[in-house]
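Undergrad: This is the structure I want to talk about, given as structure tokens.
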Amino acid sequence: MFRKIKKTAILLGCLCAALSLTKNPVSADTHSKLLGSISWDKKVAADVNDYLNIRMSADAGSKIVGVLLPGCTATVEGTEGSWTKVRSGNISGYVLTKYVVSKDDARKFYNETVGATGKVTASSLIIREEATTNSDRLTSVPRGTVLSLKNLEDGWYKVSCDGVNGYVLGRYVKENEPEGAITKTAYDNLKEETKKAVEEEKKSTSSNKKKNSNYVISCSDSELDMLAAIVYCEAGGESYKGKLAVAAVVVNRVKSSRYPDDVEAVIKQKSQFSPVRSGRFAKTLKKGAPSSCYDAAIEALQGESPVGNAMSFRAGHSRKGIQIGNQYFF
């Protein structure tokens, strides 16, 4: 269910939260990090919170022929007064110029709002901890794997894939064309589909929250949300056992005298969980974690642990600890 929500939420981020992005010009340093294999010289991105209508002619009363969702793109074909003529796939028409950003500002807005992706072109590609061939190997992915691309610098992409965050050599990744326009009918259908999916997920989450008896540590409903969110951030692409292991680590820390004595303080302890520092944890908490992460959090709170008293974990290869999926717990 959550995968369904995630897929449509990329297009309908406006349904979850208003965008809080700036329109400052792209600096030279940022510019170098944004360059990839896709040319943005003639592209614009919709700088809106909901959606931007593409009209048949440069007239606010003309027929709507398509829709650009927040951050989604089109190619500029010309201008007419306060309107820009664009094309995206089979959809061609006019958008109000004041609601789009262009060139590298468009690339930056798209990357922050929708997210750039790319496909692996090598038979197997190593994801490393740092942007160097001497860095530790986190995992490897086969040809055709879709990676989430964060930036490109000095020949390396910073990527995310199935919960693993690291770096890959850029020459083995082909950047995908950015998301474009959809029809108004498609937008309405996606909106309704997302609404129903969110309602079903809320019902499932609400049911899970009621299972709060027999906890081995104190945990409020808000802290349960936090625990499920950090589980998703750290083990969203792992098996259920891997999710339970991450939750158990947090619980074990709360029980230990070496760490803070409540769930929130453990998760937010300085320099401990990278998703908290990067802001991904806050975004997940606002959006809501999937039900499987709540299930794992609740089981851990009730004393279940596939990793004993482990209080740390890391991705990639390790000479110690219990391996579960791509992570080692110790």
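The values are calculated or read from the model by the stated rules, or taken from the named source; none is laboratory data. Everything numeric here is computed off the predicted structure, so don't read it as measured data. Backbone-built Cβ (ideal geometry, glycine too); neighbour counts: all protein chains shown.
Undergrad: Residues of the range 284-297 being surrounded by fewer than 20 Cβ atoms within 10 Å (Cβ to Cβ) and farther than 16 Å from VAL198 by Cβ, which ones?
TA: ASP295 - this is the single residue of the range 284-297 that is surrounded by fewer than 20 Cβ atoms within 10 Å (Cβ to Cβ) and farther than 16 Å from VAL198 by Cβ.
Undergrad: Among the numbered conditions (1) at pLDDT 90 or above; (2) under 27 Å from THR139 (Cα atoms); (3) hydroxyl-bearing (Ser, Thr, Tyr), tell me where SER271 comes up short.
TA: (1)
Residues checked against (1) under 21 Å from the mean Cα position of the chain (by Cα); (2) aromatic (Phe, Trp, Tyr); (3) not assigned by TED's automatic domain parsing to the domain that holds GLY237:
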| residue | (1), (2), (3) |
| --- | --- |
| THR79 | no, no, yes |
| ARG87 | no, no, yes |
| LEU96 | no, no, yes |
| LYS103 | no, no, yes |
| THR145 | yes, no, yes |
| LYS150 | yes, no, yes |
| VAL168 | yes, no, yes |
| TYR172 | no, yes, yes |
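Undergrad: Just to be sure, is ASP41 in a loop (DSSP other than H, G, I, E, B), over 25 Å from the mean Cα position of the chain (by Cα) and modelled with pLDDT under 95?
TA: Answer is yes for this residue.
Undergrad: Would you point out the residue of the range 163-189, among those that are part of a loop (DSSP other than H, G, I, E, B) and modelled with pLDDT of 90 or more, that is nearest to GLY237 (Cα to Cα)?
TA: ASN176
Undergrad: Would you tally the residues in the range 93-136 being assigned to a strand (DSSP E or B) and closer than 28 Å to ASN326 by Cβ?
TA: Final tally of qualifying residues: 10.
Undergrad: Confirm whether GLU192 is in a helix (DSSP H, G or I), acidic (Asp, Glu) and either surrounded by 14 or more Cβ atoms within 10 Å (Cβ to Cβ) or modelled with pLDDT of 95 or more (or both).
TA: Considered against the rule, which asks whether it is in a helix (DSSP H, G or I), acidic (Asp, Glu) and either surrounded by 14 or more Cβ atoms within 10 Å (Cβ to Cβ) or modelled with pLDDT of 95 or more (or both), GLU192 comes out as no.
Undergrad: Is the range 57-67 home to any residue that is surrounded by 20 or more Cβ atoms within 10 Å (Cβ to Cβ) and assigned to a strand (DSSP E or B)?
TA: yes
Undergrad: What are the pairs with Cβ atoms under 7 angstrom where one residue, in the range 209-220, is loosely packed, with under 12 Cβ neighbours inside 10 Å and the other, located anywhere, is modelled with pLDDT of 90 or more? Sequence gap at least six, or different chains.
TA: These pairs meet every condition: ASN214/GLN302; SER218/ASP262.
Undergrad: Step by step: first the residues of the range 68-99, then only those that are of a type in the set (Val, Ile, Thr) and out of contact with any Lys or Arg (no Cβ under 8 Å at 6 or more places or on another chain), then the one that is surrounded by the most Cβ atoms within 10 Å (Cβ to Cβ). Which residue is that?
TA: VAL86
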